[in-house]
Structures are given as C-alpha cells and as structure tokens.
1. Mind checking which helices (runs of 4 or more DSSP H) fall wholly inside the range 222-323 and carry at least 2 residues that are aliphatic (A, V, I, L, M), within 29 Å of residue 42 (Cα to Cα) and open to solvent by 40 Å² or more (accessible area, probe 1.4 Å)?
2. So how many residues does the range 129-147 have that are modelled with pLDDT of 95 or more and farther than 21 Å from residue 197 by Cβ?
3. Go through (1) out of contact with any His (no Cβ under 7 Å at 6 or more places or on another chain); (2) touching a residue at least 24 places away in the same chain (Cβ under 8 Å); (3) away from ligand 1 (no atom under 12 Å from the Cβ) one by one and return the number of the condition residue 252 breaks.
4. Please count how many residues of the range 75-109 are open to solvent by 10 Å² or more (accessible area, probe 1.4 Å) and hydrophobic (A, V, I, L, M, F, W, C).
5. Which condition from (1) modelled with pLDDT of 90 or more; (2) under 20 Å from residue 154 (Cα atoms); (3) open to solvent by less than 60 Å² (accessible area, probe 1.4 Å) is the one that residue 70 breaks?
6. Would you mind telling me which numbered condition in (1) within 23 Å of residue 266 (Cβ to Cβ); (2) among the hydroxyl-bearing types (Ser, Thr, Tyr); (3) away from ligand 2 (no atom under 16 Å from the Cβ) residue 210 fails?
7. Could you list, in sequence order, the residues of the range 131-151 that are assigned to a helix (DSSP H, G or I) and open to solvent by 10 Å² or more (accessible area, probe 1.4 Å)?
8. Among the residues of the range 160-206, count how many are outside any loop (DSSP other than H, G, I, E, B), more than 13 Å from ligand 1 (Cβ to nearest atom) and either open to solvent by 10 Å² or more (accessible area, probe 1.4 Å) or without any contact (Cβ under 8 Å) to a residue 40 or more places away in the chain (or both).
Amino acid sequence: FNKIHAISAEKEKQADTSVPPIPKSIHDISNGDHILGFGADLSEDHPGYYDNEYKKRRSYIADLAKIHKPGEPIPCVDYSAEEIRVWGLVLDTLVDLYPTHACKEYIDSYKLFNFKPNHIPQLQELSEVLEQTTGWHIRPVAGLLHPRDFLNGLAFRTFHSTQYVRHGSNPMYTPEPDICHEVLGHVPMLADPEFADLAWVIGQASLGASEKDIWHLTKLYWYTVEFGTVKEGSEIRAFGAGLLSSIGELKHMREGTDGVMPEFVELDPFKKMPKMSYKDGYQKKYFLCESFADAAAKLRSYSRSILKPEVMSMNFGGTPIQL
Ligand code: NLE
Ligand code: FE2
C-alpha cells in the first residue's frame, strides 16, 4: 500500500494543471484507464501477496469488470466455497454489531436486502434494488479508480464497486475495498435518499474541479461516505462504509484500541481535512455529523463555492444540477 500512498501524496502536491473534459454521461468515464492500485496488483504488505491462487483469482475477477459497458448486465462471479466462507463470517459477525453501532438509516435500508451468509450477492441484483429505491447504479471496477473518475461517477448516481473477496487471513479488517465492504458498507446506505443525496453533492462538485479541489473532495468523501459518524441522541453511530464493513474498526470507533480512544470532530468542509491513508489501519479521527441533511447542506455550500459555471447548466438525464 506504500505505492498508493505515495501516488496520493504526489498527486495532491501537484499544482492545478489542466482539467480533463467534463463527462456528459457515465459513458465518458472510464472504469479501467486510471487504476491507481489494488485490483490484482498487490503490494508486499498485502495479506494475499504470497498467495498465488488468490492473486490469479483477483486478476480473473478484475478482468470481468474491464469488459463491462454501462447499461449491460454486470457479469456474475461464481464465488468459491472459500470466498463464501469469508463473506459468511464477515456478515455473521457484523449483524451482531449493527443494532448498537450502525445508524438508524442503515438498519432500515438493510432490511431491503435479504443478505444471507451462504450467498454473496451479485452486483447486478444489488444495482436493480438501488435503481428502484434511489435511482443509483452500480458499475464494476477492476481496482481503485483515480479519485476524479470515481467522484465523477457519483454525479451520475453511479457507484463503482469491486467484486473480489478480501483475503481469508483477516476477515475483520482489510485496508482495501472488496465485495464485503461494497455490499455491507455502501449498498444499504445508497438505498437511503438523504445519504444518497449527500454522495451526489460530492459527485456534482467534482465535475470539472481542479486537481487541488478533487483531492479536498476526496477527503470529504473519505471522512463522510467511508468513515462518517452521526449523532443519534446521546450516541454516536456509524454511517461510513469503511466502518460498517469492518468488525475491527466498528469496535475501535466505540471502544478505542489499546486504551486510546479515537477523536470525534465536527464536519466543516471549508476547513483543511486530515491526510487519508490506506496503510495506517484504523482512523484516529472521525468526523461527526448532526444528520445527513445537515452534512449535505454543509457540503452543498462548499460545493457551490468551487463549482464551475459550465457545470451549472448540465443535467443528469433530465435532472438539473442541484447544488
Ligand atoms: N477497512 C474496511 C473493511 O475492512 O471492510 C475497508 C475500507 C475500504 C476503504
Ligand atoms: Fe468504500
């Protein structure tokens, strides 16, 4: 993961160079041209690095994503017994934590999906449920996309999702996205209209954004959609997918690790955000939102401040930009 970390740091430092053409539809966004990492390309500290069978399997699943075109059915993966075992273990352990650790919107939306330990849901079936609830789509992706492509996808209510399963040596936590993270972390949240709106705001703001603004938006995405927490009465509940898909991180958010509690800070999109990293393990700082509507309102006001005039007149299949 050092490689990815290094790429992020280097890109972030880059001054505002030229901004690529603004995509007019999802067809203008590539799901395979700018893969920064993960996919089949594992680094030495990845639990699957010395497991050749695992690497071969990842390449096969990554290749399925590369041939997929938007609008076509998403290729099914015939998951192996070992992959189903890992999924089942993750699911069975997480369901015990959700009633006390997950936000109410998650708990409600979760019921729409009949997740079972002996079946890894296919992206196609999940995308169909989302299309009927919030109008979002899932698109398979080979690995970690460049943030611009990934965030631009959100503007078209499209969520790029990996399809492979984490390595079985640590089902409690993986530094990277995998199907367990996408399905258990992101999918139920995207079925909630207020949360989906928040993600859409970040996507719209990313259209035509300068390189510097893209990196700030990536951090806003990271500290909300991936690791966000929300107030519920006197409690703090998780809504970020990186929390909701990791047994280890969910417990860490509540109880801390080795006697050290994480910090909770209020979300202010105009302020400098802390650095993100795929390699430092659990987050030390979580951003706490009053509600999704409140977080979305704050993100809207930031987004309006960076929005390019040519983006104002864009529309998304009949829906004008809503910032
Ligand atoms: N740490 C998360 C998990 O174990 O599911 C994945 C985070 C991806 C950003
Ligand atoms: Fe994620």
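The values are calculated or read from the model by the stated rules, or taken from the named source; none is laboratory data. All values derive from a computational prediction rather than experimental measurement. Glycine also receives a Cβ, built like all others from the backbone with ideal geometry; neighbour counts cover every protein chain displayed. These area figures cover heavy atoms from the full protein model, side chains too; ligands, DNA and RNA do not enter into them. Shrake-Rupley method; radii C 1.70, N 1.55, O 1.52, S 1.80 Å.
1. On the way: elements: 241-244, 247-255, 292-306, 309-312.
Of the helices (runs of 4 or more DSSP H) lying wholly inside the range 222-323, none has at least 2 residues that are aliphatic (A, V, I, L, M), within 29 Å of residue 42 (Cα to Cα) and open to solvent by 40 Å² or more (accessible area, probe 1.4 Å).
2. At the first step, the residues of the range 129-147 found to be modelled with pLDDT of 95 or more are 129-140.
Now drop any that are not farther than 21 Å from residue 197 by Cβ, which leaves 140.
Number of matching residues: 1.
3. With respect to (1) out of contact with any His (no Cβ under 7 Å at 6 or more places or on another chain); (2) touching a residue at least 24 places away in the same chain (Cβ under 8 Å); (3) away from ligand 1 (no atom under 12 Å from the Cβ), residue 252 is out only on (3).
4. So the count comes out to 7.
5. (1)
6. (1)
7. First, pick out the residues of the range 131-151 that are assigned to a helix (DSSP H, G or I): 131-133, 147-151.
Listed by number, the residues that qualify are 131, 132, 133, 147, 148, 149, 150.
8. Matching residues across the range 160-206 total 3.
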